[in-house]
Amino acid sequence: MWSSAELKERAKVALTGTYWKAFAISLIISFLAGGGGGSSGGNAGSSFSQMQDGSGNFDLGGFLAILAIVLGIFAIVFIFAVAFKTFISNPIIVGGRKYFIEAAEAVNGEEQARFGLLGFGFKGNNYMEIVKPMFLVDLYVLLWTLALIIPGIIASYTYKMVPYILADNPNIGTKRALELSKQMTDGEKMDIFILDLSFIGWYLLGLLACCVGVLFVQPYYDSTQAELYRVLREKALDSNMCSFEELGFASPEQDSINSDNEM
């Protein structure tokens, strides 16, 4: 059984001596994960006058033409945003999650996690094996959110571990990545939600600091989330929910054989 306090303490240890590197990683993935699109507008009075004919009556044809242009621009911006999120942002986000996992594991005296892990999702066969499941996660969360807000929130927690699973093994397969995240978070969603709520005080303090302070809290949050994944991963392995090989690791038995061969 894990606790928020335990995960946060482990996160602080993981950030010791590497905070600014983690800050840079968090800044990049936060921008890519939550960056919004821009909007533009014109002179309302001028636009309204253009929708009137010479007699001052409302010009339906002019209104429809302007509406079509606005909808066309919106569609182009939306398609571009989806494409950017799918093909650029998501692989980098998975690379960021891999950085925080390895940073947590490096506490045991191993080498520090490398900044270059941010590009992990673009290497070799990793790319498309990451793009597909991450796109489905975004799609499912969006559809459930459009249906009702609460199911959308539940879906976001159901698939919360997908980028971490892909960071361990991008070749696990789309269906299995989503299925394993669902199994890992089964019965854990409320506790994870409470863990997220525990950061509200930090984020409020960040907002008071001209909103810039929020950026300095993000590495702490990201590091804590990586610790959460490590706990859920250990639970999944112990309960035979998944195998070591499935997550891209050698089994303890294989490690033992390799150690014997080296001796």
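The values are calculated or read from the model by the stated rules, or taken from the named source; none is laboratory data. Given the structure is predicted, the values throughout are model-derived calculations rather than measurements. Reconstructed Cβ throughout: ideal geometry from the backbone, glycine too, with neighbour counts over all protein chains shown.
Details
- Taking region 204-231 as the range and being loosely packed, with under 15 Cβ neighbours inside 10 Å and either assigned to a helix (DSSP H, G or I) or of a type in the set (Val, Ile, Thr) (or both) as the test, the residues that pass are Leu204, Leu205, Leu207, Leu208, Val212.
- Here Phe63 clears all of (1) farther than 30 Å from Ala177 by Cβ; (2) surrounded by 15 or more Cβ atoms within 10 Å (Cβ to Cβ); (3) at pLDDT 95 or above except the condition numbered (3).
- Condition met for Leu180 (assigned to a helix (DSSP H, G or I), touching a residue at least 24 places away in the same chain (Cβ under 8 Å) and more than 16 Å from the chain's Cα centre (by Cα)): yes
- Qualifying positions in region 124-166 - outside any helix (DSSP H, G or I) and surrounded by 14 or more Cβ atoms within 10 Å (Cβ to Cβ): Tyr159, Lys160, Met161
- Only one entry in Gly187, Gly173, Gly121 is of a type in the set (Gly, Ala, Ser), modelled with pLDDT of 95 or more and surrounded by fewer than 14 Cβ atoms within 10 Å (Cβ to Cβ), namely Gly187.
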